[in-house]
1. Please give, to one decimal in nm, the separation of the simple spin-label points placed at residue 14 and residue 303, each 7 Å out from Cα toward the Cβ.
2. Taking the alpha-carbon centroid of each part, what is the distance from the range 99-156 to the range 25-68 in angstrom?
3. Over its Cα atoms, what ratio of radius of gyration to 2.2 N^0.38 Å does the chain give?
4. Which of 282, 256 has the fewest other C-beta atoms within 10 Å, and how do the rest follow up to the most?
5. Can you give the Rg and Dmax of the range 77-218 based on its C-alpha atoms, in angstrom?
6. What ratio of Cα Rg to 2.2 N^0.38 Å holds for the range 10-66?
7. To one decimal place, what orientation-averaged projected area in nm² is obtained for the convex hull of the Cα set of the range 89-166?
8. Along Cα→Cβ, 7 Å out, is where each label goes; now give me the distance between the ones at residue 129 and residue 26 in nm to one decimal.
Ligand code: AVJ
């Protein structure tokens, strides 16, 4: 059974405000949540299937091979929350292994994709209640009151936590602590820079299309005038932040009008559109600890590229 859809928290006005303020900074930047309109979600799903992008297939394999352990961690009659649900492939594997799960609450800002994922999962697991919530999980939001009893576990795969900076990650993990007492979280691990950069600048050009779609969205929704063939996608390794960054680089000096305002670019100037932080297990463990969590188990692939961790609330 699927309950009615939650509330919409992101509006056209919020998009305009985010773009205008982001492009007014010294280092121009736009929060990565705006990459995921309908076309952006499709392009991201295409990224997960390209050879160079290792995280999705690696994590899916880890979840498949350890689904029983993960299900035991969740316990019987679980209430499963998922932050940034996306396409929900890994979630299906986990739900399939759970014993008599009670309720699945996927939370995502991409409303269209959330609706698709929700109906697929509701169809496949007819006895599971599904309650989708359209919300930005990086901000405060309330869970619906009167959740059924049963152990609550959060599922946060995809290394989406990597998109958050230190302050945001602690705020997120603290909010998760208010929502649930246990969590299963995917974390992409530090590795050689070449592997990282090709994952974010794949040879098929899908990541480039994903990044450039943001400018197309601005043109469409904010009456923008970005010439799409004069901006290029770039992936950069930021050693200090231990993050792969995506940028959109202007090939010329120019003035771009959008939302009735002018923005000046010098030749080579970039808009920073995403950071994907890469952790080692020790660093992630102490981050989790700061927010009241203890790592209980960690599952990795053979090559040690990616980790899925179970967390218990300690305080
Ligand atoms: C879905 C946020 C985890 O950061 O690896 C993929 C998004 N960006 N390629 C990531 C993404 C460029 C992805 N996350």
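1. Going by the 7 Å Cα→Cβ label model, 3.7 nm.
2. 19
3. For the chain, the normalised Cα radius of gyration comes out at 1.00.
4. Values: 282 8, 256 20.
Ordered by Cβ neighbours within 10 Å, fewest first: 282, 256.
5. Just the Cα atoms of the range 77-218 yield Rg and Dmax of 16.5, 48 Å.
6. Numbers: Rg = 16.0 Å, N = 57, 2.2 N^0.38 = 10.2 Å.
In units of the 2.2 N^0.38 Å rule of thumb, it is 1.56.
7. Numbers: hull surface 23.4 nm².
Projected area, direction-averaged: 5.9 nm².
8. That separation, rounded to one decimal, is 5.2 nm.
Laboratory data are not the source of any read-out in this text; all were calculated from the coordinates shown. This one's a predicted model, so the numbers in the text were calculated from it and none came from an experiment. Counting neighbours? That spans all protein chains shown, and the Cβs are built from the backbone with ideal geometry, glycine included.
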